[in-house]
Structure formats: structure tokens, C-alpha cells
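The values are calculated or read from the model by the stated rules, or taken from the named source; none is laboratory data. These numbers come from a predicted model, not from an experiment. In this analysis, Cβ positions are derived from the backbone assuming ideal geometry, glycine residues included, and neighbour counts consider all displayed protein chains. Please note that ligands, DNA and RNA were not included when accessible areas were found on the heavy atoms of the full protein model with its side chains. Shrake-Rupley method; radii C 1.70, N 1.55, O 1.52, S 1.80 Å.
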Amino acid sequence: LTDVELLDDRGRPTTRVATGDAVTFRMRYETTEPVLDPIFSFALSTPEGVLVTGPNTKEADVRVDKVEGEGTVELRVDRLLLLHGSYDITVDCTNRSVTHSYDRRAKMLRFDVTPGVPHETYGGLVSLDGRYKIDSI
């Protein structure tokens, strides 16, 4: 795993986005020999090490038969619901059973999330993006 980028909604590399923005997480890889049936994962955590989420191609049911040479893996997020703060991206490439890591790069990129929509002032890591309903009885 050679590089990680965070892309804005126009596909431009950035390290600053707002809550609710569309983003793409991209990792680049380079192999010296074919890697069969790899699993790619992105892990987002706080600078203090609190894991926020760890999506991977296996749980997304994305089958990759083989990678060879150079390439990229992208994860598109239509609405990033992380709240204001800084976050680190760790990437990993493992075998299908997730028992052997071919390469893992911890905290390869730090990015900042600024207040956006939904806007929540009182802390936390993610927005539920819920809708209130209040009825009189």
C-alpha cells in the first residue's frame, strides 16, 4: 500500500471536508507478484485511537479475484456523517480469511472535518442524521 488520499466531491485531493459532504477514500497499491483474493479495508479513527469505523471489501461483498502491478481501491461515501474533528485513516490488505496481512499502514493520512449539515454542536463522533417528531397529547 503506497498512498492514501481523501477526495472531495469533485475528485480533488483534500485534507479538509465538512459533515455531510460527499467524499471518496482512495488507496494505491503496488505488487511485485499477483495477490489472489485480497481484502482491502479502510479504518477511520480519532487521533486518540478510538476506532470510528472499519469498512472492508469482504463485508461489502466486493470480490477481488486478483490484483497485480499497480492500482487503486476507492470507497465512495455519499454523505460523510463524521462530526467536527480530526480523523486518521489506516489501510490494510489481507487474505480472504483476514488471518494474514499483506500490508498495513497505520495512520497514513489525517484529515479534518468542519461543521456542515447536519450540524450538531455538543460533541460526539458521528451524526445520526435523525428527524424529530413532536406531538401534543
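Brief remarks on what is shown
- Checking Leu51 against (1) touching a residue at least 40 places away in the same chain (Cβ under 8 Å); (2) more than 23 Å from Thr2 (Cβ to Cβ); (3) in contact with a strand residue (DSSP E or B) (Cβ under 6 Å, 6 or more places away or on another chain), the condition it does not meet: (1)
- Annotation note: of Val117, Val67, Val62, the sole residue that is within 21 Å of Val23 (Cβ to Cβ) and open to solvent by less than 90 Å² (accessible area, probe 1.4 Å) is Val62.
- Positions within region 5-30 being within 17 Å of Val126 (Cα to Cα) and open to solvent by 30 Å² or more (accessible area, probe 1.4 Å), in sequence order: Arg16, Asp21
- Residue-level check: of (1) surrounded by 16 or more Cβ atoms within 10 Å (Cβ to Cβ); (2) within 21 Å of Phe111 (Cβ to Cβ); (3) among the β-branched types (Val, Ile, Thr), Thr57 misses just (2).
- Residue within region 93-106 that is crowded, with 16+ Cβ neighbours inside 10 Å and closer than 14 Å to Val17 by Cβ present: no
- Selection of first residues in region 96-107 that are free of Cβ contacts under 8 Å to residues at least 12 places away in the same chain and of second residues that are not charged (D, E, K, R), restricted to Cβ pairs under 8 Å at least 6 apart or on distinct chains, gives the following pairs, ordered by first then second residue: His100/Thr94; Ser101/Cys93; Ser101/Thr94.
- Some residue of region 74-92 being without any contact (Cβ under 8 Å) to a residue 12 or more places away in the chain, β-branched (Val, Ile, Thr) and open to solvent by 30 Å² or more (accessible area, probe 1.4 Å): no
- Selection from region 99-137 of residues that are among the small types (Gly, Ala, Ser) and either modelled with pLDDT under 95 or under 15 Å from Leu80 (Cβ atoms) (or both): Gly116, Gly123, Gly124, Ser127, Gly130, Ser136
- The residues of region 31-52 that are more than 24 Å from Pro118 (Cβ to Cβ) and surrounded by fewer than 19 Cβ atoms within 10 Å (Cβ to Cβ), listed by number, are Thr31, Thr32, Glu33, Pro34, Val35, Leu36, Asp37, Gly49.
- Test: residue in region 47-63 that is outside any loop (DSSP other than H, G, I, E, B) and basic (Lys, Arg): no
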